[in-house]
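Please treat every number below as a calculation from the coordinates, not as lab data. Keep in mind it's a predicted model, so treat the numbers as computed, not measured. Note that we place each Cβ from the backbone using ideal geometry, even for glycine, and neighbour counts take in every protein chain shown.
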Amino acid sequence: LGAKLFRRGPAGVTLTDAGEVLLPIARRMLGDARSAREQMDELAGLRRGHVRLGAPPTLCVSLVADVLAAFRAAHPGVDLHITEGGSRTLVDALNENALDLALMVTRGTEPSVPGTELIPLLSEELVVISAAGPPLPGRAQEQRGESPTPAELTLAELAQIPQVAFNRSYDLRVATDAAFSASGLTPTIAVEGAEMDAVLRFVERGLGVAVVPAMVVID
């Protein structure tokens, strides 16, 4: 440091004036070093920290809620911040360092997203949901009691049934619109622009059917 810190004398070593000034600073530095080591150890053991996660609405109401509950129970000291949005919005936030992790939906192909790593987690089955009660409209044979409500619907059959459609920012809406368009079909829309919770309530009230990931209604 360019200054004499210690003075040797018959009684031993004592601090110079410069040493006296440095002593409390040195003690703070040693304390900070110990604190830094402890905090790094806590982070490595997931005892403390902060995670910013992005996820589409369809996953927030199903998979994410259960996963975060389990994670929170195992690591209560880690703060969690959730951002809900479409996949493209979340990827942009990830690239801008506004998120640490993002769950996104793809349609069988891996998008090219510079600067990010895509790790496949699961494949979702899409299902048609309707209000409890009579068979789906437009299925004459079921209405006559000839056979139970079908386990499958073709796109052409689905296009004839009034639907509750998601907001166009939803990846699921983009996927279903693309499927109808590719088959030259125009779906019958009863209500358009709803968010996930509203879609489920509208269907429950009999306003139409909706296409949702199976895990949304697994319970």
Item to check | Pairs of alpha carbons in region 1-53 whose separation is greater than 19 Å (percent) | outcome: 54
Item to check | Tail fraction, Cα-Cα pairs, the chain, threshold 22 Å, whole percent | outcome: 66
Item to check | Spin-label proximity, residue 197 to region 58-90 - amide N less than 12 Å from point 7 Å beyond Cα toward beta carbon | outcome: 61
Item to check | Average projected area [Cα convex hull, region 61-111], square nanometres | outcome: 4.4
Checklist entry - Under a point spin-label approximation (7 Å from Cα along Cα-to-Cβ), what is the residue 20-residue 155 distance to one decimal in nm? => result 8.6
Item to check | Cut-off under 5 Å, modelled amide H: who pairs with residue 83 long-range | outcome: 53, 54, 55
Checklist entry - For residue 4 and residue 48, what does the FRET efficiency come to when R0 = 41 Å and r is the distance between their Cβ atoms, rounded to the nearest 0.05? => result 0.50
Item to check | Positive-end extreme of charge dipole, region 1-123 - chosen from 67, 93, 6 (charges on Cβ) | outcome: 6
Checklist entry - Given H placed 1.01 Å from N in the peptide plane, which residues other than close sequence neighbours of residue 161 have an amide H under 5 Å from its amide H? => result 188
Checklist outcome for this item: If R0 = 22 Å, then residue 217 and residue 82, at their Cβ-Cβ distance, give a FRET efficiency to the nearest 0.05 of 0.55
Next on the checklist: Between residue 35 and residue 122, what's the calculated FRET efficiency when r is the beta-carbon distance and R0 is 35 Å? Round to 0.05.
Outcome noted: 0.30
Checklist entry - Just how far, in whole angstrom, is region 165-219 from region 12-63 if you go by their alpha carbon centroids? => result 48
Checklist outcome for this item: The answer for the longest stretch of the chain without any exposed GluC sites (Glu not before Pro) (DSSP loop, at most 12 further Cβ atoms within 10 Å) is 1-95
